[in-house]
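The values are calculated or read from the model by the stated rules, or taken from the named source; none is laboratory data. As the structure is a computational prediction, the values presented were derived from the model and not from experiment. Reconstructed Cβ throughout: ideal geometry from the backbone, glycine too, with neighbour counts over all protein chains shown. Note: areas computed on protein heavy atoms with side chains; ligands, DNA, RNA excluded. Shrake-Rupley method; radii C 1.70, N 1.55, O 1.52, S 1.80 Å.
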Amino acid sequence: MQIFLDTADVEDIRTYAAWGVIDGVTTNPSLIAKSGRIFEDVIAEICGIVDGPVSAEVTALDADGMLAQAEPLAALHPNVIIKVPLIPEGLKATKELTRRGVKTNVTLCFSANQALLAAKAGATYVSPFIGRLDDQGERGMALIEDIVRAYRNYPAFGTQVLVASVRTGEHVREAALAGAHVATIPPAILDEMVRHDLTDSGLAAFLADWKNARTAADS
Ligand code: E4P
């Protein structure tokens, strides 16, 4: 499973990219707004840090407007993925962007039927938002399981399942077990994933033993 970082904070992106485990980055209008920076500048800077897909979302609600916004974004860097909302106009824009050879991430997916339509439109990625489904009392991961299963029935679909709205390390574990292609993960969840109490206590014990042995050898 590929791991994308779900943030528009370039300092965080530098930090976690240095771990060597980040395959790409996703942003959305809320994350860009939080950065307080100019959209295009942030996307271009991220592309200079991570050598992989970087999602940049359009905000127009009609297909022509989405295509107009997509053009300069796609021109920023070959790794830019145009993120469009899962609405009829977004499907139209996806179909046309695919025809033009531009990669897409169809976002705000909350049902398997929506994911089927995204695949039919030729989306490169579909982003089901599992945390937001959990928030309203559903099991978001069931949607990932359904989409992965449905897509497997149709090998001609080239769309990859990109698990979004990830809130816990457990979400990542379950996404991998479900066979999702990608999970986009907020920095705090990567911290949660890397840590284990037994790693910390084991390392402390190793270092203490090593120090004691060196002290004994030196005396
Ligand atoms: C990423 O592509 C999504 O925009 C993001 O994961 C949404 O996460 P949220 O539901 O925590 O805002």
- Item | Sole residue being open to solvent by 20 Å² or more (accessible area, probe 1.4 Å), within 16 Å of the ligand (Cβ to nearest atom) and assigned to a helix (DSSP H, G or I), chosen from Ala33, Ala44 | Ala33
- Task: Scan the stretch 47-72 for residues that are in contact with a His (Cβ under 9 Å, 6 or more places away or on another chain) and surrounded by fewer than 22 Cβ atoms within 10 Å (Cβ to Cβ) and report the count.
- Result: 2
- Is it fair to say Thr27 is under 18 Å from Gly122 (Cβ atoms), within 13 Å of the chain's Cα centre (by Cα), among the β-branched types (Val, Ile, Thr) and buried (at least 22 other Cβ atoms within 10 Å of the Cβ)? no
- Within the stretch 122-161, residues of a type outside the set (Ser, Thr, Tyr), open to solvent by 10 Å² or more (accessible area, probe 1.4 Å) and not in a helix (DSSP H, G or I) come out as Gly122, Phe129, Gln136, Gly137, Glu138, Arg139, Asn153, Pro155, Ala156, Phe157, Gly158, Gln160
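To keep it simple, each residue is scored yes or no on (1) closer than 18 Å to Gly24 by Cβ; (2) open to solvent by less than 10 Å² (accessible area, probe 1.4 Å); (3) in contact with a Cys (Cβ under 9 Å, 6 or more places away or on another chain); (4) away from the ligand (no atom under 16 Å from the Cβ).
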| site | (1), (2), (3), (4) |
| --- | --- |
| Ala74 | yes, no, no, yes |
| Ala93 | no, yes, no, yes |
| Glu96 | no, no, no, yes |
| Val102 | yes, no, no, yes |
| Thr107 | yes, yes, no, no |
